[in-house]
Ligand SMILES: [Fe+2]
């Protein structure tokens, strides 16, 4: 026999359900039923830790080469879609990532969009990206930015296919419903500056007298791998080694010292052979690309091995540890720049 308390609670439950149905007709909802999913005590991202093995996915990217025409080359990208965000074309809750293939002789038409883009070059030689009329070469390990609303086009004048990782802040732009895009009337945006001009103007710890920021993004379009790698090697030799990161360097805007773009941060780190990083977590979910070496990562309850060119994603606030079997160089990018501006970014070192 049901107690008086049970009967009362069933009656209250039925009354609430009927109430919710009545208010739903007026586009109203009860906060008390939803607050735990709206205001969380700590981050619970839908993003899952995941690794893409380059040896497995590369053949599919190559196969896409014969499926799309030259005119469609700018869209020949395989999206790295997080298994926790199916159908959303996102690698984290705030970032898009994909692998793009440009075949010899192909040119991807000039266009621009509100979303900022970064690229990390994996394969090929002799290709270029042009940003607002300035060409910069694409060589393995180079980190290239195409800021928000900057005209850009790509061309492969080399003999080999070129493959690069694209990272964009598309989900952030779409969160604000602030997306615009357009194609240029000419396939190639008119060349208006000498190739690599920005590297000499802004990339040597020397700046033109009176240089001031003219946008929220770095004026340096290409952070060449050779110099970055040499810096990692030297700082590794000179020490000290950070227990959580090994030797980790931020790519910066030379005019401000801040992030390369207003929404996305990018880094390059060296983990010495046999080094195991201490546990670390931060609120920015990060995408990693293995440029050199071999190792293993433990991310939350998940762990996976990685080798050269593999890509993996670490959800925000997930404890991460990395072990390098062979000296490793990892490129990574995240939305840390945006979170810092909004006062949201947090980190926790060595506690998990
Ligand atoms: Fe683009």
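For a footprinting-style exposure proxy, rank 58, 34 by other Cβ within 10 Å, fewest first.
On the way: 58 18, 34 10.
Starting with the residue having the fewest Cβ neighbours, the order is 34, 58.
The long axis of helix 225-238 is offset from the longest Cα principal axis of the chain by roughly 80 degrees. Per residue, the convex hull spanned by the Cα atoms of the stretch 176-258 measures out at 179 cubic angstrom. Taking the inverse of the mean reciprocal distance over all distinct Cα pairs, the Kirkwood hydrodynamic radius of the stretch 199-352 comes to 16.3 Å. Taking 0.36 nm per residue of separation and subtracting the current Cα-Cα distance, fully stretching the chain between residue 349 and residue 68 would add 96.6 nm.
Report, to two decimal places, the Cα Rg of the stretch 153-215 normalised by 2.2 N^0.38 Å (N = number of residues).
On the way: Rg = 16.7 Å, N = 63, 2.2 N^0.38 = 10.6 Å.
Compactness ratio reported: 1.58.
I'd like to know how the stretch 15-74 sits against the 2.2 N^0.38 Å rule of thumb: what's its Cα Rg over that expected value? Mind dumping the intermediate values first?
Details: Rg = 23.7 Å, N = 60, 2.2 N^0.38 = 10.4 Å.
Rounded to two decimals, the normalised Rg is 2.27.
Taken over the alpha carbons of the stretch 59-106 as equal point scatterers, the Debye sum produces base-10 log I(q)/I(0) values at 0.14 Å⁻¹ of -0.39. Treating the angle as unsigned and between 0 and 90°, give the value, to the nearest 10°, between the Cα long axis of helix 4-24 and the longest Cα principal axis of the chain. That helix lies at roughly 50 degrees to the long axis.
Mind jotting down a quarter of the surface of the convex hull over the alpha carbons of the stretch 220-309, in square nanometres, one decimal? Mind showing how you got there, number by number?
On the way: hull surface 27.4 nm².
With the hull built on Cα positions only, its mean projection is 6.9 nm².
Sorted ascending by nearby beta carbons within 10 Å, beginning with the fewest, 153, 14 become 14, 153.
Could you identify which residue out of 189, 143, 200 has the top mean-square fluctuation in a GNM of the chain using Cα springs shorter than 10 Å? Looking only at 189, 143, 200, the largest GNM fluctuation is found for 200. Label zone (residue 307, point 7 Å along Cα-to-C-beta; backbone nitrogen cut-off 18 Å) within the stretch 153-180: none.
Given N residues in the stretch 273-352, what is Rg(Cα) / (2.2 N^0.38 Å)? Walk me through the numbers before you get to the answer.
Values: Rg = 12.7 Å, N = 80, 2.2 N^0.38 = 11.6 Å.
After normalising by residue count via 2.2 N^0.38 Å, the value is 1.09.
Among 38, 102, the ranking by other beta carbons within 10 Å of each residue's beta carbon, starting with the fewest, stands as 38, 102.
Between residue 160 and residue 197, the contour length at 0.36 nm per residue exceeds the alpha carbon distance by 10.8 nm. For the stretch 1-160, the Cα-based Rg and Dmax, in that order, read 25.3, 83 Å. Taking 228, 115, 211 in turn, the Gaussian network model of the chain (Cα-Cα springs below 10 Å) assigns the largest fluctuation to 211. Helix 54-64 versus the longest principal axis of the chain: what angle, 0 to 90°, nearest 10, using Cα atoms? Between helix and principal axis, roughly 80 degrees. Please report, to two decimal places, log10 I(q)/I(0) for the stretch 83-149 at q = 0.15, 0.20, 0.25 Å⁻¹ as given by the Debye formula with identical point scatterers on the Cα atoms and no solvent. Treating every Cα as an identical point scatterer, log10 I(q)/I(0) equals -0.58, -0.96, -1.27. How high is the relative contact order of the chain? Use alpha-carbon pairs under 8 Å, at least six apart in sequence, and give a whole percent. Taking the mean separation of contacting Cα pairs over the length of the chain, I get 15 percent. Roughly speaking, what is the centre-to-centre gap between the stretch 21-82 and the stretch 113-190 when only Cα atoms are used, to the nearest Å? A separation of 22 Å, based on Cα centres. GNM on the chain, alpha-carbon springs under 10 angstrom: the most fluctuating residue among 146, 256, 92 is 256.
Restricting things to alpha carbons, find the Rg to Rh ratio for the chain using the Kirkwood radius for Rh.
Details: Rg = 23.4 Å, Rh = 22.1 Å.
Result for the chain is an Rg/Rh of 1.06.
Between rounded, prolate and oblate, where does the stretch 95-242 land on the alpha carbon gyration tensor, with a ≥ b ≥ c its root eigenvalues, rounded for a/c under 1.5, else prolate if a/b exceeds b/c? Write out the running numbers ahead of the final one.
Working: a/c = 1.40, a/b = 1.27, b/c = 1.10.
Rounded, since a/c falls under 1.5.
Any read-out appearing in this document is the output of simple, stated calculations on the displayed coordinates, not a laboratory observation. Note that this is a predicted model, so its numbers are computed, not measured. Reconstructed Cβ throughout: ideal geometry from the backbone, glycine too, with neighbour counts over all protein chains shown.
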